[in-house]
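Below is one structure, written out as structure tokens; the observations come after it.
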Amino acid sequence: MNALWNPESSLSSISPVNFSKPRALSHKQIQSSLQFSPTHGDRWIGRKSRLNVKAALDSATIDQLGLKESDIINPAITSSYRSSKFPKPNQTVLDALTRVCTGLTQTKPLTEDQAFKVLDTILKSARGELKDEEEVSKAQLGAFFAGMTIRANAFPEATQWSEGERRAMNTFWPLLVRALPPDVIFIADPEGSLMGMGSSSWAQYGGTVACEMRLVGALREVLAGGHLGYEEVQGVLRDVLPLKMDDNNAGGVSESLLSAFLIGQRMNRETDRELKAYCLAFDDEIGPPPVADVRSLTHYGEPYDGNTRYFRSTLFVAAVRSCYGESCLLHGVEWMPPKGGVTEEQMLKFMGANTNLSLLHTKQLLEDEEVGFAYISQREARPALYSLIRLREHIKKRPPLATTEKIQQFVRARGREAIVAGFYHEGYEEPLLMLMKRRGVHSGLVVKGEEGALSMTTRLRSVNASKGLPVNYCSGFRSMSTESTFEVDGGVSRQSFSLEVNAQDYGFDPTDTPRTDRSISKNIELGLAALRGEKGPAYDRIILNAGMADHLLGCEGAEDASVAMDRAKEAIDSGKALKRILNYIKISHKLK
């Protein structure tokens with residue numbers, strides 16, 4: 001026990017990984033494995049055979065799914081869940097945003113050729129002359145010029161404009177200023193001084209509609225590299241959201257201004273008060289959260305943009321933990337940029353579950369003794385934030401919401417509450433824990449899982465691993481009292497910890513991480529096979545992640561990590577965890 005709280009990490013080498021190509025699996029083939037058995041009353045059972053049948057799609061199904069020829073190899077890949085209603089971003093500008101809209105040290109200035117190509121693309125789009133590419137959206141214009149302005153105003157010399165960028169801007173600005181709308185010109189030169197054209201009318205820009213006025217004022221500070229207060233950020237967000245979806249955005253906020261605000265705050269690296277504002281801004285959007293009559297509830301904050309490479313285990317971990325009274329609430333979206341990877345909503349929908357549940361329905365599933373876990377979509381719980389998905393694809397880089405949307409309590413519990421969240425970039429673990437404490441939960445845990453998700457791995461750490469915190473690094477706190485840490489924050493003692501979890505310390509053999517490569521069906525196949533008791537890497541990861549969550553969060557009966565692992569293993573080997581998944585699919589449809 002003492003060794004776990006104060007671990008001595010060791011580095012081990014990793015052998016080359018040889019992954020097999022994932023098998024494709026159709027929606028109907030998944031559902032055919034979830035058979036209703038009249039001989040077992042109202043119980044749903046799964047076939048004993050593995051789900052490994054190759055998909056065969058007819059042309060009607062291909063048309064219905066909106067798949068391209070290149071997608072037919074695996075019809076269940078994540079790209080099929082991107083809404084066809086969303087206009088695609090211009091790829092040239094999108095690639096540029098990857099370089100110029102990052103942090104103080106991560107930004108990579110454009111070469112002269114790249115800068116000329118980007119600005120030429122923007123000019124042609126503004127003039128309506130773009131033929132072979134998607135037009136440059138207002139959101140892309142706002143993000144690009146915000147990035148350029150902040151770099152010029154506030155970044156260190158190494159990440160300010162390159163000589164090539166400066167020559168390109170000097171060449172194109174006299175043309176751009178005649179073609180771009182006033183709000184974009186304001187973002188590119190908010191004080192009328194960057195471009196060296198003397199006094200400029202756009203420096204007096206104040207917005208065109210009422211909801212933009214506070215945004216423009218805040219944006220002046222952001223574009224100068226400055227920070228905002230808690231109330232100021234909340235006021236801006238509440239003024240401008242939800243974002244209207246119509247093409248003209250009549251009466252709504254300019255997408256250029258909003259994208260500049262979001263990407264600008266991330267580039268300036270948000271303060272604690274700014275993150276708290278993003279986290280709490282819409283808590284009362286649809287009323288107070290319902291309270292579930294459960295003794296323990298864990299809120300899982302997976303990255304909303306999903307996994308693109310590795311097995312995502314949290315849905316199956318939630319089913320395991322629910323078997324012994326640790327209720328779990330998952331939340332997210334069906335599809336989210338920039339990664340557009342596998343999400344819990346995609347998996348549940350693909351298996352036939354109802355993913356359009358209200359908060360009250362979610363509460364019922366948590367309280368149901370045959371289920372004990374639930375999923376709620378941001379679409380249902382926070383419509384204002386959900387309205388930003390289209391814009392978020394066009395700004396490319398993650399906005400502050402990518403951090404704060406993971407720390408939510410859409411349903412409360414009568415008993416103890418905990419939040420678990422994944423992270424990737426070093427430096428965000430403490431802000432995440434700060435937000436958890438602000439939520440008043442009894443326990444909080446951040447995990448650097450694979451791809452920044454929550455899944456800890458059993459593979460050995462490579463000696464060539466990148467610098468910074470290693471995969472399987474965990475940090476967190478748990479209160480030593482049953483009282484709310486929010487109500488008596490200064491008087492409640494907390495046990496803080498940080499460690500690198502070594503799966504071999506708990507008897508797991510080193511194994512390569514299962515690849516899913518954007519395949520929803522492969523992720524489901526791995527998870528369901530593991531819940532049937534099929535031993536292997538997915539089985540081990542589900543047990544490791546369930547047991548470690550129980551132990552680190554201070555759950556009842558999990559004081560010893562090995563005992564916690566055994567309890568998770570029993571939930572799988574007894575068939576209880578699989579039954580919970582199947583019950584969820586059935587019962588979710590009764591809650592319409």
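Quick note: the coordinates plus some simple rules give every number you see, no bench work behind them. In this text the structure is predicted, and so the values were computed from the model without any measurement. Heads up, the Cβs are rebuilt from the backbone with ideal geometry, glycines too, and the neighbour counts pull from every protein chain shown.
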Using 0.36 nm per residue of separation minus the Cα-Cα distance, give me the extension gain between ASP512 and GLU163 in nm, one decimal. 121.1 nm
For the pairs LYS349/LYS406; LYS85/LYS131; LYS276/LYS586, flag any whose C-alpha to C-alpha distance is greater than 26 Å. LYS276/LYS586
Binning every alpha carbon pair distance of region 524-581 at 10 Å from zero, what are the percents per bin? 27, 52, 21, 0
So between GLU191 and SER574, what do we pick up on full extension, going 0.36 nm a residue minus the alpha carbon distance? 131.2 nm
Under 20 Å from the Cα of LYS117, which aspartates and glutamates turn up, not counting those fewer than eight places away in the same chain? ASP95, GLU129, ASP132, GLU133, GLU134, GLU135, GLU163, GLU165
Once both label points are put 7 Å beyond Cα along the C-beta direction, the ARG178-LEU360 separation in nm becomes 6.1 nm
dims of region 367-435, Cα set, principal axes, largest to smallest, nearest Å -> 43, 28, 17
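Out of the GluC sites (Glu not before Pro) in region 519-592, which ones are loop residues according to DSSP with at most 14 other C-beta atoms within 10 Å?
Numbers: sites: GLU525, GLU534, GLU556, GLU559, GLU570; in loops: GLU534, GLU556, GLU559.
Here the sparse-neighbourhood loop sites are GLU534, GLU556, GLU559.
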Listed residues CYS328, THR298, THR308: farthest to the positive end of the dipole of region 287-356 (Cβ charges): THR308
ARG127/TYR424 FRET efficiency (R0 45 Å; Cβ-Cβ; nearest 0.05): 0.70
Name the residues of region 145-188 whose amide N is less than 18 Å from a point 7 angstrom out from the Cα of LEU104 along the C-beta direction? 147-161
Taking a threshold of 21 Å on the Cα-Cα distance, which of the pairs LYS339/LYS363; LYS138/LYS396; LYS88/LYS339 fall above it? LYS339/LYS363
Debye intensity ratio in log₁₀ form over the Cα atoms of region 335-461, taken at each q of 0.13 Å⁻¹: -0.64
Taking a ≥ b ≥ c as the square roots of the Cα gyration tensor eigenvalues, with a/c under 1.5 meaning rounded and otherwise prolate when a/b beats b/c, else oblate, which class fits region 316-363? prolate
On a full-extension model of 0.36 nm per residue, what is the gain between THR208 and ARG238, subtracting their alpha-carbon distance, rounded to one decimal in nm? 9.1 nm
For region 113-188, give the magnitude of the charge dipole about the Cα centre (Cβ charges: +1 Lys/Arg, -1 Asp/Glu; no others), in debye to the nearest 20. 220 debye
